[in-house]
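Down below is the structure, laid out as structure tokens.
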Amino acid sequence: MSRINVLDDHLTNMIAAGEVVERPMGVVKELVENSIDAGAGKIEIRIVNGGMESIEVIDDGCGMDKVDATMAFQRHATSKIRETHDLWSIQTMGFRGEALPSIASVSKLKMITSDGTDSTLVRIEYGQIKEVRPIAANQGTSILVEGLFYKTPARLKHLKSGNVETNMILDLVQKIALAHPEIAFELYSDDKLRIQTNGSDSLQEAILAVYGLEVARKSIPISFSDYDFSVDGYLISPVITRSNRQYINVSMNGRIIRSLPLQKAVIDGYREFMMPDRFPIVVLNIRADYQLVDVNVHPSKWEIRISKEKALYSLLSENIRQTLRAQTRPSDMVVEHAQKQEITQPQYTPAQQQPEMRFEEQRMTYTTEETLQRFNYLGQHHGKYILAYDEENIYIIDQHAAMERCMYEEIQQQISERKVDCQPLLIPLVIEITPAQMNQLERINEMLECINLKLEPFSLTSVAVRELPTFVEGDEESFIRELIEQITGDREMGVLDIRKEKIASLACHASVKFNSYLTAEECRRLLARLSRCAQPFNCPHGRPTMLAISDRQLEKEFKRV
Ligand code: ADP
Ligand code: MG
């Protein structure tokens, strides 16, 4: 007996719903994306109990005529693509024609839509059309979804508490609002206004509305491009950090995406300004030729495939690093240490509750180098810290971190100028390695070439080193072993990455011991070396090299103001 049958529409819609709308957040995402595609200038979202009770999305977009109003609920019905080649350059958020029929198959849905001429009401309950009739309405579309997953108990059980679902939706809408500052968003949760942006097309105003005043004040504009990509947005000064990656907002052609490589590129750009367990806040909107981006990778469209991703990675991390280097100054650091403000919970601050404000001019009045050259040496403390001052601040400089920073940049310069000094060894250093590492010897040598280090096969399981860069001091063997391990351990690491990463640890090994006493002359020399660094305020691992105490702060502490 044959056993295969073709599934009916209702069942396929319910199956698709499992992928497209896993939870209330997915419903909000699909409905809001439809509103964006409809050219809405304003999108209002209302959720009750994390969307489990109801979700309503109201827009002032193009709406639909009476034919489309029901067509929209047929599987694979879409106005956004027509033929195969459209799939290679998708400019809209949607294109699969799956969302509405899927959502309607697992909920009670009511839609009112008007294209300015026809106005139609459509009511569907768990996939069955209950009502279609003309109705009076303004142009636009409103969709109300109730009783989500009520008839799919397995899915219902999978949902978290109302609070958790609410937070996911808040986070989603924040991200969408930041990717679309040209649209005014309002989100009400249990009738309370939680997010409101003004749609003025100013990204900084959107950041203010979403993340609040403190963050908006510390935003640094950034804009750069290459032949394929152009990037605009804001970096938030590394003075403000977060404990997770959720605040790294990257959108591609208006689409919010989850991309680990791009997040990594941002973190890489911030690395030297931040401790490794802290994460930055950024909002970057990337534009690329639609053909470079394949969005047809996953039903919920969170993931995309980007051609030339490696080039985009370097473009992002390099430009972020350069921008931050030009912006940070030591007095920024004291804010973090003096106040130790830790905001782990996102703050939802509707724009209307914000005081009238003007953004502070972010540019410095003097360059980094000038600041540091004004340092006057005061003394050394406990053999660990150097004290210095200029007309604005008193500085406490961590000798070890400062030394690391200097070594790091000096070695980096030797590498980029291809002038790494080397010293032949009297007796070659023989190092045992694993067969797997031996198998990658060519790649390892390719990576190490930049510091003139070459591993020669010595036996089946060992290599010999005959020459070492002069900056390597101390335990050379564990040094080289660490390099080999890092290179073989991470297949993803590009040549440049390895170099930077390794140089940082090289510098660390080679720099002074924490407690070694420096003479006044040595301290002065260290200050001068530090002043030549491109990024003197953090060690290569992100720890600060110095704290600054301003005059104003002293006056405050001594109760003079
Ligand atoms: P897709 O977005 O992939 O095309 P959907 O199932 O989400 O598929 O929507 C089906 C169609 O319904 C869309 O192509 C669009 O023509 C229409 N539509 C959906 N939502 C709206 C809306 N808010 N305003 C205008 N048209 C809409
Ligand atoms: Mg859609």
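Given the options S251, S237, name the one that is in contact (Cβ under 8 Å) with a residue 40 or more places away in the chain and crowded, with 21+ Cβ neighbours inside 10 Å.
S237
When only residues in the stretch 73-89 that are of a type in the set (A, V, I, L, M) and more than 11 Å from ligand 2 (Cβ to nearest atom) count, which is farthest from D294 (Cα to Cα)?
The qualifying residue farthest from D294 (Cα to Cα) is I81.
Report yes if some residue within the stretch 38-58 is within 16 Å of ligand 2 (Cβ to nearest atom) and in contact with a Lys or Arg (Cβ under 7 Å, 6 or more places away or on another chain); otherwise report no.
There is no residue in the stretch 38-58 that is within 16 Å of ligand 2 (Cβ to nearest atom) and in contact with a Lys or Arg (Cβ under 7 Å, 6 or more places away or on another chain).
Since S230 meets every condition but one in (1) more than 13 Å from L312 (Cβ to Cβ); (2) at pLDDT 95 or above; (3) surrounded by fewer than 21 Cβ atoms within 10 Å (Cβ to Cβ), which condition does it not meet?
Unmet condition: (1).
Do any residues in the stretch 408-430 that are touching a residue at least 40 places away in the same chain (Cβ under 8 Å) have Cβ atoms under 7 Å from those of residues that are among the basic types (K, R) and not in a loop (DSSP other than H, G, I, E, B), where the two are at least six apart or on different chains, and which pairs are they?
Pairs that qualify, where the first residue is touching a residue at least 40 places away in the same chain (Cβ under 8 Å) and the partner is among the basic types (K, R) and not in a loop (DSSP other than H, G, I, E, B), are I415/R499; P424/R466; L425/R466.
Quick test of your reading of the structure: G97 fulfils all but one of (1) in a loop (DSSP other than H, G, I, E, B); (2) within 13 Å of ligand 1 (Cβ to nearest atom); (3) in contact (Cβ under 8 Å) with a residue 60 or more places away in the chain. Name the failing condition by number.
For G97, the exception is condition (3).
Give the stretch 128-147 a look and list any residue that's away from ligand 1 (no atom under 14 Å from the Cβ) and either in contact (Cβ under 8 Å) with a residue 60 or more places away in the chain or not hydrophobic (A, V, I, L, M, F, W, C) (or both), or say none.
Result: Q128, K130, E131, V132, R133, P134, E146, G147.
Here is a list: S102, S107. Which entry is within 16 Å of ligand 2 (Cβ to nearest atom), touching a strand residue (DSSP E or B) at 6+ places or on another chain (Cβ under 8 Å) and modelled with pLDDT of 90 or more?
Criteria check complete, one pass: S107.
Just checking, which of A216, A209 is at pLDDT below 95, of a type in the set (G, A, S), surrounded by 20 or more Cβ atoms within 10 Å (Cβ to Cβ) and within 19 Å of I169 (Cβ to Cβ)?
Among A216, A209, only A209 is at pLDDT below 95, of a type in the set (G, A, S), surrounded by 20 or more Cβ atoms within 10 Å (Cβ to Cβ) and within 19 Å of I169 (Cβ to Cβ).
Can you say whether T152 is closer than 25 Å to D9 by Cα, within 12 Å of ligand 1 (Cβ to nearest atom), of a type in the set (V, I, T) and touching a residue at least 24 places away in the same chain (Cβ under 8 Å), as far as the supplied structure shows? Reasoning before the result, please.
Numbers: closer than 25 Å to D9 by Cα: yes; within 12 Å of ligand 1 (Cβ to nearest atom): no; of a type in the set (V, I, T): yes; touching a residue at least 24 places away in the same chain (Cβ under 8 Å): yes.
When the stated conditions are applied, T152 does not pass them.
How do the strands (runs of 3 or more DSSP E) wholly within the stretch 167-269 filter down when requiring 1 or more residues that are within 18 Å of the chain's Cα centre (by Cα): which remain?
Correct list: 219-225, 229-236, 248-252.
Taking the residues in the stretch 1-43 that are touching a strand residue (DSSP E or B) at 6+ places or on another chain (Cβ under 9 Å) and more than 21 Å from Q91 (Cβ to Cβ) as candidates, determine which candidate is modelled with the lowest pLDDT.
H10
Which of the numbered conditions does K110 fail, given that it passes all the others? Conditions: (1) within 40 Å of the chain's Cα centre (by Cα); (2) away from ligand 1 (no atom under 12 Å from the Cβ); (3) not in a strand (DSSP E or B).
(3)
Could you name every one of the helices (runs of 4 or more DSSP H) located completely within the stretch 340-451 that has at least 1 residues being out of contact with any Asp or Glu (no Cβ under 8 Å at 6 or more places or on another chain) and at pLDDT 85 or above?
On the way: elements: 368-373, 399-416, 435-439, 441-448.
Filter on the stretch 340-451 gives 399-416, 435-439, 441-448.
Could you please let me know if T120 is part of a loop (DSSP other than H, G, I, E, B), of a type in the set (S, T, Y) and surrounded by 14 or more Cβ atoms within 10 Å (Cβ to Cβ)?
So T120 fails the test.
Go through the stretch 50-91 and count every residue that is more than 9 Å from ligand 1 (Cβ to nearest atom), among the small types (G, A, S) and in a helix (DSSP H, G or I).
Selection size over the stretch 50-91: 2.
Just wondering, is there one or more residues in the stretch 25-46 that are more than 10 Å from ligand 1 (Cβ to nearest atom), among the basic types (K, R), part of a loop (DSSP other than H, G, I, E, B) and in contact with a helix residue (DSSP H, G or I) (Cβ under 8 Å, 6 or more places away or on another chain)?
Checking the stretch 25-46: not a single residue is more than 10 Å from ligand 1 (Cβ to nearest atom), among the basic types (K, R), part of a loop (DSSP other than H, G, I, E, B) and in contact with a helix residue (DSSP H, G or I) (Cβ under 8 Å, 6 or more places away or on another chain).
State which residue is surrounded by the most Cβ atoms within 10 Å (Cβ to Cβ) when the search covers only the stretch 254-268 and only residues that are in contact with a strand residue (DSSP E or B) (Cβ under 6 Å, 6 or more places away or on another chain) and more than 12 Å from I306 (Cα to Cα).
Top of the filtered list is V266.
Quick one: count up the residues across the stretch 184-198 that are farther than 16 Å from T166 by Cβ and among the small types (G, A, S).
1
How many residues does the stretch 148-182 hold that are surrounded by fewer than 16 Cβ atoms within 10 Å (Cβ to Cβ) and in contact with a strand residue (DSSP E or B) (Cβ under 9 Å, 6 or more places away or on another chain)?
1
Within the stretch 13-37, which residues are basic (K, R) and more than 16 Å from ligand 2 (Cβ to nearest atom)?
R23
The values are calculated or read from the model by the stated rules, or taken from the named source; none is laboratory data. Fair warning: this is a prediction, and the values are worked out from it, not measured in the lab. Note: ideal-geometry Cβ built from the backbone for every residue, glycine included; neighbour counts use all protein chains shown.
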